[in-house]
1. Is it the case, given these coordinates, that Gly118 is on the phi > 0 side of the Ramachandran plot, modelled with pLDDT under 95 and out of contact with any Lys or Arg (no Cβ under 9 Å at 6 or more places or on another chain)?
2. Would you confirm whether or not the range 72-88 contains a residue that is of a type in the set (D, E, K, R) and in a helix (DSSP H, G or I)?
3. Kindly evaluate Lys88 against the criterion of being among the basic types (Lys, Arg), surrounded by fewer than 16 Cβ atoms within 10 Å (Cβ to Cβ) and modelled with pLDDT of 95 or more.
4. Given Thr80, Thr27, which one is of a type in the set (S, T, N, Q), touching a His at 6+ places or on another chain (Cβ under 9 Å) and at pLDDT 95 or above?
5. Would it be correct to say that Ser66 is among the hydroxyl-bearing types (Ser, Thr, Tyr) and either over 15 Å from the mean Cα position of the chain (by Cα) or more than 15 Å from Leu119 (Cβ to Cβ) (or both)?
6. Restricting to the range 129-155, and then to whatever is among the aliphatic types (A, V, I, L, M) and closer than 29 Å to His49 by Cβ, can you tell me which residue is surrounded by the most Cβ atoms within 10 Å (Cβ to Cβ)?
7. Scan the range 2-45 for residues that are within 12 Å of the ligand (Cβ to nearest atom) and not β-branched (Val, Ile, Thr) and jot them down.
8. Can you pull out every residue in the range 58-72 that is surrounded by fewer than 19 Cβ atoms within 10 Å (Cβ to Cβ) and more than 11 Å from the ligand (Cβ to nearest atom)?
Amino acid sequence: MSGLEDLYREIILDHYRNPRNQGELETPPAVMAEGFNPLCGDEVTVHIHVEDGVIVDVKFGGHGCSISLASASMMTTVTTGKSLSEAKDMIYSFKQMMSIHEGRLEEGSEETGSPMAGLGDLQALQGVVKFPVRIKCATLGWNTLEQCFEELDSQ
Ligand code: ZN
């Protein structure tokens, strides 16, 4: 299991050091939301540009711990190009992954149709569930993306 954990640590550090899709988008047409995790001091902004129900561009910014920024970076890579409903499914799956007890995750990565299917590198974050105080770090970018959707709905 330690080899896998090393790989996961590498993935998280890679996204932390080389964040994908960092920046901002012009609003409008993009919408933006800000998320804050007072437990850790993480602050994340998420900008999304949606056209015809598809997320054509996602950018994130802010500052915080490696978990919060790596998770936000991964979030942008998997949601870009997805429909709103696909992205909402991903948010749901990711939050499920972060709340499921560790023991049930052992074989999950190979199962098709499991909650984690299609999450790819995001599975690297499942180790975080062992550290409950960090779960809010990992879900911050996703909650902020959800706030963007609420912003869209209110327009
Ligand atoms: Zn944090």
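The values are calculated or read from the model by the stated rules, or taken from the named source; none is laboratory data. Since we're looking at a predicted model, the values are computed, not measured. Counting neighbours? That spans all protein chains shown, and the Cβs are built from the backbone with ideal geometry, glycine included.
1. Details: on the phi > 0 side of the Ramachandran plot: yes; modelled with pLDDT under 95: yes; out of contact with any Lys or Arg (no Cβ under 9 Å at 6 or more places or on another chain): yes.
Considered against the rule, which asks whether it is on the phi > 0 side of the Ramachandran plot, modelled with pLDDT under 95 and out of contact with any Lys or Arg (no Cβ under 9 Å at 6 or more places or on another chain), Gly118 comes out as yes.
2. There is at least one residue in the range 72-88 that is of a type in the set (D, E, K, R) and in a helix (DSSP H, G or I).
3. Values: among the basic types (Lys, Arg): yes; surrounded by fewer than 16 Cβ atoms within 10 Å (Cβ to Cβ): yes; modelled with pLDDT of 95 or more: yes.
Yes, satisfied.
4. Values: Thr80 fails: touching a His at 6+ places or on another chain (Cβ under 9 Å).
The match here is Thr27.
5. The answer is yes for Ser66.
6. Among residues in the range 129-155 that are among the aliphatic types (A, V, I, L, M) and closer than 29 Å to His49 by Cβ, the one surrounded by the most Cβ atoms within 10 Å (Cβ to Cβ) is Ala138.
7. Tyr16, Gly35, Phe36, Asn37, Pro38, Leu39, Cys40, Gly41, Asp42, Glu43
8. Of all residues in the range 58-72, those surrounded by fewer than 19 Cβ atoms within 10 Å (Cβ to Cβ) come to 61, 63, 65-66.
Within the range 58-72, Gly61 is the sole residue that qualifies.
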